[in-house]
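To start, the structure under review is shown below, and the notes come after it.
The values are calculated or read from the model by the stated rules, or taken from the named source; none is laboratory data. What you are looking at is a predicted structure, and each value in this text was computed from that prediction instead of being measured. For neighbour counting, all protein chains shown are included, and Cβ atoms are generated from backbone atoms with ideal geometry for every residue, glycine included.
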Amino acid sequence: MKNTKPEKEALAYQRKNFWKEAPLEEQKKAMEYAEPYINFLNQAKTERETVAYTVDLLLKNKFTPLSKKGSKKVYSIFRNKTMAVAVIGTDPVSNGFNMVAAHVDSPRVDLKQNPLYEDSNSAMGCMRTHYYGGIKKYQWVSTPLALHGVIIKNDGSTLNICLGENEDEPVFIIPDLLPHLAHKEQYTKNLGDAIDASKMNLVFSGMQEPYSDEKEAIKAYALKLLNEKYGITEQDFLSAELQLVPAHKARNCGFDNSMIVGYGQDDRISAYNALMALINNIPEKPKRTMVVYFSDKEEVGSQGSTGAHSIFIRDFISDLLAHNQEDNGSANLRKTFMNSQILSADVSAAIDPNYPNVHERQNAILFNYGIGINKFTGSGGKYGCNDANAEFLAKVLRIFNEAGIYWQLGELGKVDEGGGGTIAYILSNLGAEVLDCGVGLMGMHSLYELSSKADLYSTYLAYKAFLKAE
């Protein structure tokens, strides 16, 4: 007896295209949801700016610092680069929490600690740089860059820098070599070697005082302008954190406006979705405690005091237990993590129409088919991955199905093609059940990352459903 078409559809796994299947009202909501997200991308181009944006939004929604007694909506910040937010449920925190964890750092180019010099060959004032994270260096030359970051002055005060984002402000350029002279210097080299990192120096200034005979007069004039504008000296650069990011704005993309192009969507698209999912769950009093965690340093290994390897997230949960008048000793803290379930909210690689051969389509992420779920990441033989257990993956799929979420399963490219990791294994080392899932991007780690509004919205709904699940 042959199966009918409805029976076949019930038996087979078929991902569903949001634009084909979703009601028009849902499609309209997806379009509307994208607009404030684009604004977020333009305001939060660094981890510090993301934390500041988040705190402002939390305060508007009546969250308080964790130190305030009695509050059920709390947050904690550590060194302005990592933070956690929680809505305490009716069950004890030690029964376990539902967490969505994202990272808020992105690949970029940093200024070195002693950056400014006068180049004798070109007679220009320049800045030396050091790239951060996995970038294709050739993408960062001859593109307008803005300068973001902080300078801690000699008197201990903090100076926030954001220069190059407004139309009336100057931008900065790392000039590329003209093709007429690039044959030996670039064209004979591999793509990864064509741009020498030691030559990624920023052209910063070119003027000097009229009739000046001062040694390094161009550098001296630049320091004079910096002192006049910001009240800083060259020594202040030594304790600064200054980042170069693309000066362009995130925008709608595609003739149908169905996509978003912008810098830093890895992984701020996950951070934004997690934050909105938590805030929009507040009217419904949760049974399990809901937590959103933003980590730093993921792009360079999650090390350091603000990375996911640090003590911060364990300390936050310990304080949360104490805040809820529960035992926060080491044994109960361990049990709390072991009772908890976490979505490692990170982006995945969607199939690029120009490079489909690096994927195996049956197990790849596609645009417009909803949140991408990765049972494992890593490289080669799943090296450096988390590999979620079957029971937890099945539970997450049930949650998504019951909430009508558009979802798909995938992996980060063909076996042995390459690979990458997330913070999932770090959190699972604490005993929690952890699963990677997030939006599929094209052009990940580039200056112009591309996302689908259907996937953005589906991921928001997925995180929302997971956070309030029992």
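Identify the residue in region 341-358 that is under 23 Å from the mean Cα position of the chain (by Cα) and farther than 17 Å from Gln265 by Cα and, among all such residues, is surrounded by the most Cβ atoms within 10 Å (Cβ to Cβ).
Leu343
Can you pull out every residue in region 125-136 that is in contact with a helix residue (DSSP H, G or I) (Cβ under 6 Å, 6 or more places away or on another chain) and either of a type in the set (D, E, K, R) or buried (at least 18 other Cβ atoms within 10 Å of the Cβ) (or both)?
Gly125
Among the residues of region 280-290, write down those that are in contact with a Leu (Cβ under 8 Å, 6 or more places away or on another chain) and modelled with pLDDT of 95 or more.
Thr289, Met290 - these are the residues of region 280-290 that are in contact with a Leu (Cβ under 8 Å, 6 or more places away or on another chain) and modelled with pLDDT of 95 or more.
Would you check if Glu214 is over 21 Å from Lys136 (Cβ atoms), loosely packed, with under 13 Cβ neighbours inside 10 Å and either out of contact with any Cys (no Cβ under 9 Å at 6 or more places or on another chain) or assigned by TED's automatic domain parsing to the domain that holds Thr46 (or both)?
yes
Taking region 342-358, which residues are in contact with a Gly (Cβ under 6 Å, 6 or more places away or on another chain) and part of a loop (DSSP other than H, G, I, E, B)?
Ala345, Asp346, Val347
Looking only at region 100-156, count how many residues are outside any loop (DSSP other than H, G, I, E, B) and at positive phi.
Number of matching residues: 1.
Within region 157-176, can you find the residues that are part of a strand (DSSP E or B) and of a type in the set (Ser, Thr, Tyr)?
Result: Thr158, single match.
Which strands (runs of 3 or more DSSP E) sit wholly inside region 243-341 and have at least 2 residues that are of a type in the set (A, V, I, L, M) and farther than 26 Å from Lys72 by Cβ?
Qualifying strands (runs of 3 or more DSSP E): 259-262.
Give the residue that is farthest from Phe400 (Cα to Cα), with candidates limited to residues of region 432-449 that are aliphatic (A, V, I, L, M) and crowded, with 24+ Cβ neighbours inside 10 Å.
That would be Leu441.
Looking at this structure, is Tyr355 hydroxyl-bearing (Ser, Thr, Tyr), in the same structural domain as Val85 (by TED's automatic domain parsing) and over 16 Å from Phe97 (Cα atoms)?
Yes.
Take the conditions in the same structural domain as Thr289 (by TED's automatic domain parsing), out of contact with any Cys (no Cβ under 9 Å at 6 or more places or on another chain) and buried (at least 24 other Cβ atoms within 10 Å of the Cβ) and apply them to Ser452. Does it pass?
Yes: the conditions hold for Ser452.
If you scan region 177-205, which residues turn out to be assigned to a loop (DSSP other than H, G, I, E, B) and loosely packed, with under 14 Cβ neighbours inside 10 Å?
Scanning region 177-205 gives Leu178, Thr188, Lys189, Asn190, Asp196.
The rows are residues; the columns are (1) outside the structural domain of Asp119 (by TED's automatic domain parsing); (2) free of Cβ contacts under 8 Å to residues at least 12 places away in the same chain; (3) closer than 21 Å to Glu118 by Cβ.
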site: Asn166; (1), (2), (3): no, yes, no
site: Ile173; (1), (2), (3): no, no, yes
site: Tyr187; (1), (2), (3): no, yes, no
site: Asn190; (1), (2), (3): no, yes, no
site: Ile195; (1), (2), (3): no, no, no
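Any residue in region 241-264 that is farther than 16 Å from Met442 by Cβ sitting within a Cβ distance under 7 Å of a residue that is charged (D, E, K, R)? List the pairs, counting only those 6 or more apart or interchain.
Short answer, once both residue conditions are applied: Leu242/Asp110; Gln243/Arg108; Gln243/Asp110; Leu244/Arg108; Val245/Lys45; Val245/Arg108; Ala247/Glu165.
Out of Val109, Val87, which single residue is out of contact with any helix residue (DSSP H, G or I) (no Cβ under 6 Å at 6 or more places or on another chain) and in contact (Cβ under 8 Å) with a residue 60 or more places away in the chain?
Val87
When region 261-271 is examined, which residues are found to be at pLDDT 95 or above and within 26 Å of Met83 (Cα to Cα)?
Listed by number, the residues that qualify are Gly262, Tyr263, Gly264, Gln265, Arg268, Ile269, Ser270, Ala271.
Considering only residues that are modelled with pLDDT of 85 or more, among the polar types (S, T, N, Q) and surrounded by fewer than 22 Cβ atoms within 10 Å (Cβ to Cβ), which ones fall in region 377-431?
Within region 377-431, Asn389, Asn401, Ser428, Asn429 meet the criteria.
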